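In what follows, a single structure is set out as structure tokens and then discussed.
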Amino acid sequence: MEALFSKKVCLTPTEIEQRLKSVSIQPTMQRISICRYVLCEADHPTAEEVKEWVDSRSFKMSLATVYNTLNILVSVGLLREFKFSCLGKSVYDSNIVDHYHFFDVKNGKFHDIDPSLLSLSSQLPAEFQVDKTDILLTGNLIH
């Protein structure tokens, strides 16, 4: 049984542009470049990692531009933002399907976990309505 999921499929610049337009975002070169990384290549990157990748492959942009673009992508549902205390900063996830995370403390990598693999039975009182669950498991991935 495979616990990890969400294999990345690379989008063309035209597909990225169409995806941005579909959520009423103006597809600028900066936004397309950032999307190329976070939607196609990166796995739970920080804003600083996004900036480093974009700067090395296209053109330089400010960290503020990166944060603003990431925040826009989160607000329209193309990305999810997670603030994990083990990092002390946010990571961005293009897997917007409900899932859990495993953080490998040895190599500093996040892995998506299918929630059906964890048996979490909750006997909450009826007045509790759960809208969202964020679960982070930490440990070492044994290869």
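The values are calculated or read from the model by the stated rules, or taken from the named source; none is laboratory data. As the structure is a computational prediction, the values presented were derived from the model and not from experiment. With ideal geometry, Cβ positions are generated from the backbone for all residues, glycine too; neighbour counts draw on all protein chains shown.
Data overview
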quantity	calculated
Residues of segment 25-51 satisfying the condition of being surrounded by fewer than 15 Cβ atoms within 10 Å (Cβ to Cβ) and outside any helix (DSSP H, G or I)	26, 28
Verdict on residue 100 being of a type in the set (Ser, Thr, Tyr), closer than 20 Å to residue 140 by Cα and at pLDDT 80 or above	yes
Residue check for residue 5: under 23 Å from residue 138 (Cβ atoms) and modelled with pLDDT under 95	yes
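Residue-by-condition table, conditions (1) in a helix (DSSP H, G or I); (2) modelled with pLDDT of 90 or more; (3) not aliphatic (A, V, I, L, M):
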| position | (1), (2), (3) |
| --- | --- |
| 53 | yes, yes, yes |
| 60 | no, yes, yes |
| 74 | yes, yes, no |
| 77 | no, yes, yes |
| 92 | no, yes, yes |
| 111 | no, no, yes |
| 116 | yes, no, yes |
| 122 | no, no, yes |
| 131 | no, no, yes |
